[in-house]
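Okay, so here's the structure we're looking at.
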Amino acid sequence: MSDLRTILLIPHLKIQNANALSSPYTIGFPAMTAWLGAVHALQRKLNQAGFENLKFKSVGVACHDLNLQTHKGRGDYVHSIISTGNPLDKDGSRPAFIEEARCHLDVSLIVECENLPCDESEFLHALPTHLHRLKIAGGDILDFSEVDIFKIDDEATRRALMRNLMPSYVIIERRELMIEAHPPQPPFEGGRKIDAIDMLLDYLTVKHRSIQTESGGEWSQKRKTSGWIVPIATGFQGISALGKAENQRDLTTPHRFAESVVTLGEFIMPHRIKTLDRMLWQYHVDLENDLYLCKNLPISK
């Protein structure tokens with residue numbers, strides 16, 4: 001490694017009641033847009049607090065623990081969401097509400113910084129105050145460990161950072177699996193075209209197979225590829241033209257309707273990561289295709 005990279009480590013963030021409904025199709029780990037949005041909001045707060053030139057370039061997320069707020073009773077086939085109790089109406093009836101999936105998290109954030117102030121002690125003293133005022137994926141921050149700054153300029157300092165993330169699982173993007181599975185002409189199955197959802201589910205399905213042997217029968221189970229592959233929400237695609245909407249919050253920014261972009265990701269142990277770019281995410285805008293995405297950094301040669 002020749003270039004010095006400054007990494008801000010915010011370890012063991014305890015988050016309560018984060019939004020676990022990461023897209024219209026997935027429940028579990030919060031969407032990557034939530035993590036990058038929270039870090040961007042933190043940067044803006046610090047910019048207003050006197051650190052005008054500070055910039056957070058990219059973000060990595062290491063999950064130490066996740067407690068999804070669901071319940072599966074005896075004899076139940078599926079899990080049910082544990083929802084909050086809302087106050088009764090004036091007539092004593094239950095009010096209408098939208099079911100919200102929630103989770104409690106213990107995560108560490110790895111933030112690549114630019115233009116960090118020379119007086120790092122002043123910065124580290126100011127950071128917790130603004131961090132406690134944040135919401136992350138709609139959840140409340142209960143606590144976090146001491147924030148640290150790493151100067152990554154060789155393999156030894158990179159390994160030192162990774163040791164501070166253990167034990168955990170880091171979320172990375174596996175978009176290439178979807179690209180490889182998507183042929184130029186979608187194949188037919190059962191008289192219909194196989195779409196992207198079918199291809200995504202194909203990587204999540206565990207297939208059981210019975211094999212007859214001389215000694216009897218043996219069962220085997222297999223997935224399409226190895227690893228802890230999961231569906232993740234990584235951004236949005238615009239489905240309407242840019243314009244103004246009635247009662248929009250920001251009158252100076254064009255508005256458009258959008259839908260979630262869901263692809264494949266993988267949770268891997270930090271010791272398997274050989275370069276920082278493998279786990280860092282940043283915004284990527286593709287205006288030609290109306291895409292607003294969070295993507296892993298391109299791997300540096």
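The values are calculated or read from the model by the stated rules, or taken from the named source; none is laboratory data. Being a predicted model, the structure only gives us computed values, none of them experimental. Virtual Cβ from ideal backbone geometry, glycine too; neighbours counted across all protein chains shown.
Points worth noting:
- Positions within segment 129-174 being outside any strand (DSSP E or B) and either in contact with an Asp or Glu (Cβ under 7 Å, 6 or more places away or on another chain) or aliphatic (A, V, I, L, M) (or both), in sequence order: 131, 134, 137, 147, 156, 160, 161, 162, 165, 166, 174
- Yes/no for residue 206 being closer than 19 Å to residue 28 by Cα, surrounded by 10 or more Cβ atoms within 10 Å (Cβ to Cβ), at pLDDT 80 or above and assigned by TED's automatic domain parsing to the domain that holds residue 255: no
- Segment 217-261, residues that are more than 25 Å from residue 36 (Cα to Cα), at pLDDT 85 or above and of a type in the set (Ser, Thr, Tyr): 225, 226
- Residue 50 vs. criteria at pLDDT below 95, at positive phi and exposed (fewer than 13 other Cβ atoms within 10 Å of the Cβ): yes
- Residue ID - farthest from residue 202 (Cα to Cα), chosen from residues in segment 221-244 that are in contact with a Ser or Thr (Cβ under 9 Å, 6 or more places away or on another chain) and free of Cβ contacts under 8 Å to residues at least 60 places away in the same chain: 237
- For segment 255-273, a residue qualifies if it is in contact with a Lys or Arg (Cβ under 7 Å, 6 or more places away or on another chain) and farther than 30 Å from residue 163 by Cα, and exactly one does: 255.
- Scanning segment 129-168 for residues that are charged (D, E, K, R) and touching a strand residue (DSSP E or B) at 6+ places or on another chain (Cβ under 7 Å), we see that the one that is surrounded by the most Cβ atoms within 10 Å (Cβ to Cβ) is 158.
- Test result for residue 89, without any contact (Cβ under 8 Å) to a residue 60 or more places away in the chain and either outside any loop (DSSP other than H, G, I, E, B) or within 30 Å of residue 198 (Cα to Cα) (or both): no
- Of all residues in segment 110-128 being part of a loop (DSSP other than H, G, I, E, B) and of a type in the set (A, V, I, L, M, F, W, C), the one that is surrounded by the most Cβ atoms within 10 Å (Cβ to Cβ): 116
- Answer residue from segment 38-79, given it is within 23 Å of the chain's Cα centre (by Cα) and part of a loop (DSSP other than H, G, I, E, B) and is nearest to residue 5 (Cα to Cα) among those: 69
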